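The values are calculated or read from the model by the stated rules, or taken from the named source; none is laboratory data. Keep in mind that this is a model prediction, so the values were computed, not measured. Glycine gets a Cβ as well: all are built from the backbone with ideal geometry, and neighbour counts include every protein chain shown.
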Amino acid sequence: MATQRINILGSRTRPLGPVFPQPASILQTTAPWEGLDFIFPFTATRDQLAGSFSVPPFYVDTANLIIVWTTAATSLDVEWDFDYRAIGGNDTESYNQAGTQESVNDNDTAPSVTLERMELSIALTDGNFAAGDSVDFGLFRDQTDAGDTLTVAVILKELLFEYNDA
Amino acid sequence: MAVLTDEQKAKIGGDAVKDMGVSNVTRADLYAAVQAIENDWEGHRAALGAAIDAATVVNFTNSQKKLIGKHWMRTKFSLGG
């Protein structure tokens with residue numbers, strides 16, 4: 001049994017409202033990398049990046065969401081929420097269900113030095129997932145929550161699903 | 001006095017933070033500063049209108065007074081006043 005991670009951003013990733021993709025070089029002015037980051041600007045709302053992924057075939061348990069992020073600030077906190085529903089089977093479960101299966105959240109403090117890599121792990125309920133499930137999700141920067149004290153944009157670099165395999 | 005929504009305070013405050021070039025201002029402080037400006041402004045608004053009326057021969061309309069005030073403030077604060 002080993003711990004695995006898969007990237008859960010991809011072709012179905014969709015920024016909503018004020019969230020937008022931006023070349024990394026705009027903020028990382030020294031580095032030569034031109035890939036896209038997702039920017040969650042300073043607002044007073046709960047701003048979403050939506051998407052979906054497939055649970056890997058050898059999934060067993062110990063499900064965690066890994067948020068890899070950074071910001072230009074060096075103090076204060078960001079509040080991340082993650083809502084999802086896992087849908088499984090073959091001709092047994094509808095994609096069109098009201099509400100979420102689970103909603104989890106946690107806050108993380110800004111890096112000690114500008115634009116350092118930050119990693120936040122949020123535990124998910126193991127039993128909600130089975131190998132091969134389709135998972136629809138929304139990742140939110142919840143700026144309606146008192147836990148989000150930052151007044152600048154937050155940069156999402158990666159979003160990962162971590163689990164133990166067989 | 002007008003109570004600004006969080007969305008309004010974030011819009012005004014976020015623009016100010018960008019102009020200030022700082023990143024470690026707290027949300028609570030930013031909201032409080034914006035609301036304090038709003039409260040103080042509303043407290044003096046009527047007196048300011050009366051002062052303009054007293055200084056002018058032909059009274060300006062409220063809309064005209066707002067425009068004069070807007071351009072005064074842009075020039076004043078862009079010069080570091």
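Would a scan of segment A:79-97 turn up a residue that is of a type in the set (D, E), exposed (fewer than 15 other Cβ atoms within 10 Å of the Cβ), within 14 Å of another protein chain (Cβ to nearest Cβ) and out of contact with any Pro (no Cβ under 6 Å at 6 or more places or on another chain)? Walk me through it before giving the result.
Within segment A:79-97, the subset of a type in the set (D, E) is A:79, A:81, A:83, A:91, A:93.
With the extra rule that they be exposed (fewer than 15 other Cβ atoms within 10 Å of the Cβ), the set shrinks to A:91, A:93.
From what is left, the residues that are within 14 Å of another protein chain (Cβ to nearest Cβ) are none.
No, segment A:79-97 has no match at all.
Just a yes or no: is a residue in segment A:34-42 acidic (D, E) and without any contact (Cβ under 8 Å) to a residue 40 or more places away in the chain?
Taking segment A:34-42 first, the residues acidic (D, E) are A:34, A:37.
Now restrict to residues that are without any contact (Cβ under 8 Å) to a residue 40 or more places away in the chain: A:34.
Looking for residues that are acidic (D, E) and without any contact (Cβ under 8 Å) to a residue 40 or more places away in the chain, one finds at least one in segment A:34-42, hence yes.
Select from segment A:107-166 the residues that are crowded, with 18+ Cβ neighbours inside 10 Å, aliphatic (A, V, I, L, M) and within 17 Å of A:E79 (Cβ to Cβ) and list them in ascending order.
A:A110, A:M118, A:L139, A:L150, A:V152, A:A153, A:V154, A:I155, A:L156, A:L159
Rundown of residues vs (1) under 13 Å from A:L159 (Cα atoms); (2) of a type in the set (G, A, S); (3) within 14 Å of another protein chain (Cβ to nearest Cβ); (4) loosely packed, with under 15 Cβ neighbours inside 10 Å, yes/no style:
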position	(1), (2), (3), (4)
A:P21	no, no, no, yes
A:F42	no, no, yes, no
A:N64	yes, no, no, no
A:A73	no, yes, yes, no
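Is there a residue in segment A:4-15 that is among the basic types (K, R), assigned to a strand (DSSP E or B), in contact (Cβ under 8 Å) with a residue 12 or more places away in the chain and loosely packed, with under 15 Cβ neighbours inside 10 Å?
Kept after step one, since they are among the basic types (K, R), are these residues of segment A:4-15: A:5, A:12, A:14.
Then keep just the ones that are assigned to a strand (DSSP E or B); that gives A:5, A:14.
When the remaining residues are screened for being in contact (Cβ under 8 Å) with a residue 12 or more places away in the chain, the result is A:5, A:14.
Those left that are additionally loosely packed, with under 15 Cβ neighbours inside 10 Å: A:5, A:14.
The answer is yes; a qualifying residue exists.
Assigned to a helix (DSSP H, G or I) and more than 11 Å from chain A (Cβ to nearest Cβ) - does that describe any residue in segment B:16-24?
Of all residues in segment B:16-24, those assigned to a helix (DSSP H, G or I) come to B:16-20.
Within this subset, residues satisfying the condition of being more than 11 Å from chain A (Cβ to nearest Cβ) are B:19.
Scanning segment B:16-24 turns up at least one residue that is assigned to a helix (DSSP H, G or I) and more than 11 Å from chain A (Cβ to nearest Cβ).
Would you please list the contacts, defined by Cβ atoms under 6 Å and residues six or more apart or on different chains, that run from a residue in segment A:79-99 that is modelled with pLDDT of 95 or more to a residue that is surrounded by fewer than 20 Cβ atoms within 10 Å (Cβ to Cβ) and aliphatic (A, V, I, L, M)?
As it stands, the answer is A:F82/A:V104; A:G88/A:A130; A:E93/A:I87; A:Y95/A:I87, since those pairs meet every condition given.
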